[in-house]
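The values are calculated or read from the model by the stated rules, or taken from the named source; none is laboratory data. These figures come from a predicted structure and were not determined experimentally. Note: ideal-geometry Cβ built from the backbone for every residue, glycine included; neighbour counts use all protein chains shown. Note: accessible area is taken over every heavy atom of the protein model, side chains too, but ligands, DNA and RNA are not part of it. Shrake-Rupley method; radii C 1.70, N 1.55, O 1.52, S 1.80 Å.
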Amino acid sequence: MKTFDFSHGATSLGLAHGPGILDFMDRNPGYVDYIEMPFEQLRHNPGLASVQEVAPVVLHCASMSVAGFIPPSQETTDAISQESARTQTPWIGEHLAFVSADGISEEADRDTAPTNLTYTIAPQLSEEAVERVAINLSSLRPKFSAPIILENSPQYFPIPGSTMGMADFVAMVSSQCDVDLLLDLSHFMITSINTKVDASKEIEKLPLERVVEIHLSGMNLQDGIVWDDHAVPAPPEMFDLLAQVAKRARPRALTMEYNWESLPHPVIVSHLERARNILARS
Amino acid sequence: MNARNVHAVIAAGVHHPTLLSKWQMDSALLRSKGIAPETIDLPALRKFAGLTLKVRHNGLRPDLPLTFRLMGLAELGIEVFSEYATHSDATGHRYGKTSAERTRDLIAFLEGWLDLKQRNHSLLWDMIRHEEALAQIRRSTNEVSSAAADNPQPAQSPLRASTVPRICGQVILHRMQCDPKEVKSALFKRPVRLDLIPEESHFYCYWRRGDADEVHILDLDEFGFYSLQFIDGATSVAELSRRMGGDKRPSQVFKAGLRQLARIGILDLHSALKAEIA
């Protein structure tokens, strides 16, 4: 089983796990240092653990609901803990989001079961939500052998009751919770476009020195909203933003979230090379 | 507005998109849950519900890569899945456990929802059936007939009115409003010009002979397409001729068409031969 090695000091480059990843690594040796594996995929299909015979694994997670008010079940946190220990992941990248919430009923006084989603949602961007993240992290952190780092969410619509923008929110969470960051540049750019702010200015509000891992993926515009899309290549502007971030950040890892076989290998190779060159220059 | 209430309302709207329409029609419902109606973008939330459902269908991508690419480039993906999410919530539809079930259900939804007069809709309808047919026929290795599977017929088979033709192997037939090969090509050109794809009928036959691995995609003529639709291993050539609008005494042209299919190997005109008629 392969485990992470940071002794070379450079930023490691990885790919998010997807159907074609082993074929890509076989045909393009030397480009990928690690595989980012969603905990939920491992839980659903334990056989995927065998990828660690090929490359180290960084664990990604969408189950902690770290900005939510409904905690994950003991069974879920136990399973994350087991995978964290087994994979020897250097950290657990979790979404700064919620995936469960109180259920609601049309009848005011009636209790309903929580709503459990399959996709994370950006939380209210408020001090109340920051406090909630702090409370949740204090109970989650002792359960895992690896540190939790938090990933900025993409914002597709205004979140009622918000009192700040996404960059300020992430910065406040990092500061008040003393937590490192997984900077998803695609999420950041999507949020900036959808909320009509300048990404290159907003990103300077982030504590970039706390960025441990970076995500890159594609995006697409549909119905007037820009959406996250792991099946299309990152646009050139994403690499410009990476270059800007790399002037201040020293990430230990950069993951290309190209999960689907729709991208030709030469495109993935050229993007890995481009990212490696940007990070090496900085 | 406290965060807990806001999260509860957003999650409920994404999970049950039919609620979004109710809230849109009666904003007092939102107020009763502690949300100022003017602060929430319900149409965007509905689209987001589409994104979450699209992601839940990512497991279909290996079988339907061009369909997903087309939905992205034609800017249809979010609309399709937000409508599907709302439809599923309204009807109590539960998503299938396997990719095959989910694909089948998605196609069933699209059949009712797509407006085939819209060019991008008809392209999507053709492409998803094209890729689903290929996936289905590749999956069904154990279901194919072995009749004369590896034995294409000679050109001059004795063909009688009483002959009962049988299909060798498995076929899936789809009438298309475009050529899916043209769509595939267009999806990888820059700039993408879906409007330049010719609108024309194609009669596609997906065929695997016996237990062979290879899947053939045949672009048939109208006669071949409808012949294969009627051939069931029990109907005689005479009856086929009648059902296709001809005489009970099959014409030479009709028989030549069947012989052509036999020459390809898709029809067996020998093994089910019945007593000759005068």
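A few notes on this one:
- In Å², nearest 10: area of B:R31 left accessible to a 1.4 Å probe: 140
- Proximal aspartates and glutamates to B:K248, defined as alpha-carbon separation beneath 19 angstrom and excluding residues fewer than eight positions away on the same chain: B:D232, B:E239, B:E276
- Taking amide H as placed 1.01 Å from N in the peptide plane, A:D229 has its amide H under 5 Å from the amide H of A:G218, A:M219, A:N220, each at least 5 places away in sequence or on another chain.
- The packing ranking, built from the mean of other Cβ atoms within 10 Å per residue, places the peptides B:225-237, B:257-269, A:129-141 in the order B:257-269, A:129-141, B:225-237, highest first.
- Projected label points at A:S138 and A:E204, each 7 Å from Cα along the beta carbon direction, are separated by 3.5 nanometres.
- Carbon/sulfur fraction of accessible area - the range B:28-123, other protein chains in place, 1.4 Å, %: 49
- Heavy atoms of A:T112: accessible area, 1.4 Å probe, square angstrom to 10: 50
- Residue by residue along A:113-120, Cβ atoms of other protein chains within 10 Å of the local Cβ number 5 on average.
- Cut-off under 5 Å, modelled amide H: who pairs with A:W91 long-range: A:L59
- Cross-link pairs A:K143/A:K247; B:K117/B:K189; A:K2/A:K143 - those with Cα-Cα distance over 27 Å: A:K143/A:K247
- Within the range A:148-169, the residues that become at least 20 Å² less accessible when every protein chain is included than when their own chain is isolated (1.4 Å probe; DNA, RNA and ligands ignored) are A:Y156, A:F157, A:P158, A:P160, A:G161.
- The tail of the calculated P(r) for the range B:83-133 beyond 13 Å holds 60 percent of all Cα-Cα pairs.
- 5 angstrom amide H check on A:H215, placed H, neighbours 5+ away: A:L183, A:D184, A:L185, A:T255
- Based on protein heavy atoms only, the range A:178-282 ends up with 39 Å² per residue of surface accessible to a 1.4 Å probe.
- B:K117, A:K2, B:K255, A:K247, reordered so the largest accessible area comes first (probe 1.4 Å): B:K117, A:K247, A:K2, B:K255
- Accessible surface calculations at 1.4 Å, restricted to protein heavy atoms, place the range A:1-87 at 43 Å² per residue.
- Nonpolar atom fraction for chain A, defined as the carbon and sulfur part of the 1.4 Å probe accessible area, stands at 50 percent.
- Burial annotation for the range B:75-96: residues with an accessible-area loss of at least 10 Å² between the isolated chain and the complete set of protein chains, computed on heavy atoms with a 1.4 Å probe, are B:E75, B:I78, B:E79.
- All Cα-Cα separations within the protein assembly as shown were binned at 10 Å from zero, giving a P(r) of 3, 16, 23, 22, 15, 10, 7, 3, 1, 0, each value a whole percent of the pairs.
- Under the Debye formula (equal points on every Cα, no solvent term), log10 I(q)/I(0) of the range B:7-142 at q = 0.14, 0.15, 0.16 Å⁻¹: -0.68, -0.76, -0.83
- Cα-based Rg of chain B normalised by 2.2 N^0.38 Å, two decimals: 1.33
- Derived scalar couplings ³J(HN,Hα) [the range A:156-164; Karplus, 6.51 cos²θ - 1.76 cosθ + 1.60; whole Hz; x for Gly, Pro]: 10, 7, x, 9, x, x, 5, 10, 8
- Scattering from chain A was approximated by placing one identical point on each alpha carbon and applying the Debye formula without solvent; log10 I(q)/I(0) at 0.14, 0.15, 0.17 1/Å stands at -1.02, -1.18, -1.53.
- List B:H7, B:H15, ordered by accessible area with a 1.4 Å probe, largest first: B:H15, B:H7
- Rounded to the nearest whole Hz, the Karplus-based 3J(HN,Hα) values (6.51 cos²θ - 1.76 cosθ + 1.60, θ = phi - 60°) of the range A:93-101 follow the sequence x, 10, 6, 7, 6, 10, 10, 9, 8, with x at glycine and proline.
- Pairwise label distance in nanometres, A:D240 with A:D223, each label 7 Å out on the Cα-Cβ vector: 2.9
- Pairing chains A and B buries close to 3400 square angstrom of accessible surface in total, based on protein heavy atoms and a 1.4 angstrom probe.
- The label point for B:D232 and the one for A:A85, both projected 7 Å from the Cα toward the Cβ, are 6.2 nm apart.
- Solvent exposure of B:R69, expressed as accessible area, is near 50 Å², computed with a probe of 1.4 Å over the protein chains only.
- Residue-wise HN-Hα coupling along the range A:24-33, computed from phi with Karplus coefficients 6.51, -1.76, 1.60 (Hz; x: Gly, Pro): 4, 5, 5, 7, 10, x, x, 8, 10, 8
- Angstrom value of the Kirkwood radius, inverse mean 1/r, which spans all Cα pairs in the range A:79-234: 16.8
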